[in-house]
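Everything on this sheet refers to the single structure shown next.
The values are calculated or read from the model by the stated rules, or taken from the named source; none is laboratory data. Predicted, not measured: the structure shown is a model, and the values here were computed from it. Ideal geometry is used to build each Cβ from the backbone, glycine not excepted, and the neighbour counts take in all protein chains shown.
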Amino acid sequence: VSAIPTTWLLNRYREDTALKMPQYSGSFYRVADSRLGGNGILSWGTAEGEDAELGTVQSSVRRFAADENVVGWLEPHSELGHGKQQLFLEYGPASDRSFRDFLRKKYGSVAKVNSRWGTKHADWNAVHAPELAEFLGWDEEAFDLTGRWRVRHEEMAPGETYNPDQWRVAERRKVKSVPAPAEWFAEGFDDAGWGELDAPGDDRAMFLPKRPAVFRQEFDLPKEWRKPKERVWLYVWDLNMAEGDLTVAYVNGQKVGERPIPFWTPQWCVFEVTDSLREGSNALALRLPNGYLGYRTYLSTTPPKNFPYLGPEMNARWVDFADWQGDMRRAGITRGAE
């Protein structure tokens with residue numbers, strides 16, 4: 001019951017609903033999945049909405065507690081995690097309130113948070129739950145590639161089948177296909193006959209076939225966006241999960257990199273594009289194994305780094321973000337048991 005609240009309950013407690021991070025498409029359970037992508041869930045950090053939800057379970061417990069056929073009860077939250085994609089669902093006002101409460105309890109004052117993070121927040125209202133891209137080059141200086149893309153799926157390999165009803169399995173299975181022709185990635189290729197899609201962030205991605213596709217986009221890069229000889233990276237949070245298949249990127253007809261999708265992990269990848277970019281018109285082509293962009297895609301002059309190598313202040317912020325996620329779940333279980 002707690003994992004997927006009924007619509008009437010969510011409508012009553014809209015302020016307690018966890019929002020998707022900007023440009024994320026999908027749900028806590030699956031990326032780019034329509035079955036749980038639209039309904040939403042209550043934030044783990046809520047109080048009033050959570051109690052109302054647990055109250056419906058409590059009424060059932062009381063009603064059937066004496067029944068001799070009932071031998072036990074499952075803690076209402078049942079599962080604490082469903083994969084890394086669940087991190088994209090704690091965002092917005094409800095999550096901000098929860099994050100601030102956690103930091104108040106841990107540090108006591110905004111001044112201590114500022115000292116730890118290297119920030120200059122004037123008060124608690126200026127503190128917000130971060131989105132994941134902020135730890136990997138996304139800031140006000142990044143160049144957002146959200147927009148209109150031309151899309152075409154690769155042809156299925158002879159004898160290969162794809163059944164969208166088998167999405168639970170197909171999301172992790174490498175769908176065999178005929179490799180896209182080299183010209184699909186070439187600069188100046190005529191893609192006028194391809195389909196069009198706004199991505200990332202358009203929930204129509206939830207209804208596309210989850211099999212290999214090529215996404216093409218042209219964009220203009222202002223001269224003033226980067227300094228001379230400044231290095232640039234392309235961040236692609238495609239979040240595809242076809243284990244062992246390749247996410248591939250081309251800029252202006254030049255292949256800038258490829259990355260195999262790891263086991264049971266939504267893919268994100270970074271490619272250096274310093275020597276491939278130019279002022280003005282540029283062409284980007286991406287080969288995506290599951291045929292969608294699940295989250296942000298952007299250019300950044302910030303080099304890719306992982307925890308614990310983000311730097312002292314960003315490391316501290318990541319630790320607080322991760323600890324907050326665990327704290328919310330522990331509090332939820334405690335309340336569920338009560």
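Could you say whether any residue in segment 215-222 is charged (D, E, K, R) and outside any strand (DSSP E or B)?
No, the conditions are met nowhere in segment 215-222.
Within segment 269-282, is there a residue that is buried (at least 19 other Cβ atoms within 10 Å of the Cβ), within 28 Å of A182 (Cβ to Cβ), modelled with pLDDT under 95 and in contact with a helix residue (DSSP H, G or I) (Cβ under 9 Å, 6 or more places away or on another chain)?
no
Restricting attention to helices (runs of 4 or more DSSP H) lying wholly within segment 1-115, give those where 2 or more residues are in contact with a helix residue (DSSP H, G or I) (Cβ under 8 Å, 6 or more places away or on another chain), small (G, A, S) and not assigned by TED's automatic domain parsing to the domain that holds P164.
Those helices (runs of 4 or more DSSP H) span 48-64, 93-107.
For segment 67-93, how many residues are exposed (fewer than 13 other Cβ atoms within 10 Å of the Cβ) and within 20 Å of the chain's Cα centre (by Cα)?
Residues flagged as exposed (fewer than 13 other Cβ atoms within 10 Å of the Cβ) and within 20 Å of the chain's Cα centre (by Cα) within segment 67-93 amount to 2.
Buried (at least 18 other Cβ atoms within 10 Å of the Cβ), of a type in the set (S, T, Y) and touching a residue at least 60 places away in the same chain (Cβ under 8 Å): is that true of Y13 in this structure?
No: the conditions fail for Y13.
Does at least one position in segment 55-76 carry a residue that is under 30 Å from P209 (Cα atoms) and charged (D, E, K, R)?
no
Regarding segment 171-192, can at least one residue be identified that is under 19 Å from the mean Cα position of the chain (by Cα) and in a strand (DSSP E or B)?
No, segment 171-192 has no match at all.
Applying the selection to segment 266-289, what residues are assigned to a loop (DSSP other than H, G, I, E, B) and without any contact (Cβ under 8 Å) to a residue 40 or more places away in the chain?
Once the filter is applied, which keeps residues that are assigned to a loop (DSSP other than H, G, I, E, B) and without any contact (Cβ under 8 Å) to a residue 40 or more places away in the chain, segment 266-289 yields Q267, D275, S276.
With the checklist (1) in a loop (DSSP other than H, G, I, E, B); (2) surrounded by 12 or more Cβ atoms within 10 Å (Cβ to Cβ) in hand, flag the one item K227 doesn't pass.
Of everything listed in (1) in a loop (DSSP other than H, G, I, E, B); (2) surrounded by 12 or more Cβ atoms within 10 Å (Cβ to Cβ), K227 misses just condition (2).
Within segment 145-165, does at least one residue satisfy the condition of being surrounded by fewer than 16 Cβ atoms within 10 Å (Cβ to Cβ) and closer than 19 Å to Y295 by Cα?
Among the residues of segment 145-165, at least one is surrounded by fewer than 16 Cβ atoms within 10 Å (Cβ to Cβ) and closer than 19 Å to Y295 by Cα, which makes the answer yes.
Considering only residues of segment 48-97 that are of a type in the set (K, R) and in contact (Cβ under 8 Å) with a residue 40 or more places away in the chain, which is farthest from G336 (Cα to Cα)?
The selected residue is K84.
Select, from D96, D101, the only residue that is modelled with pLDDT of 95 or more, over 25 Å from L208 (Cβ atoms) and over 22 Å from the mean Cα position of the chain (by Cα).
Only one candidate qualifies: D101.
Quick one: in segment 102-119, of everything that is surrounded by fewer than 15 Cβ atoms within 10 Å (Cβ to Cβ) and of a type in the set (S, T, Y), which residue is nearest to S43 (Cα to Cα)?
S109
Restricting the search to segment 120-143, which residues are outside any helix (DSSP H, G or I), in contact (Cβ under 8 Å) with a residue 24 or more places away in the chain and closer than 18 Å to G92 by Cα?
Result: V127, H128, A129, P130, E131, W138, D139.
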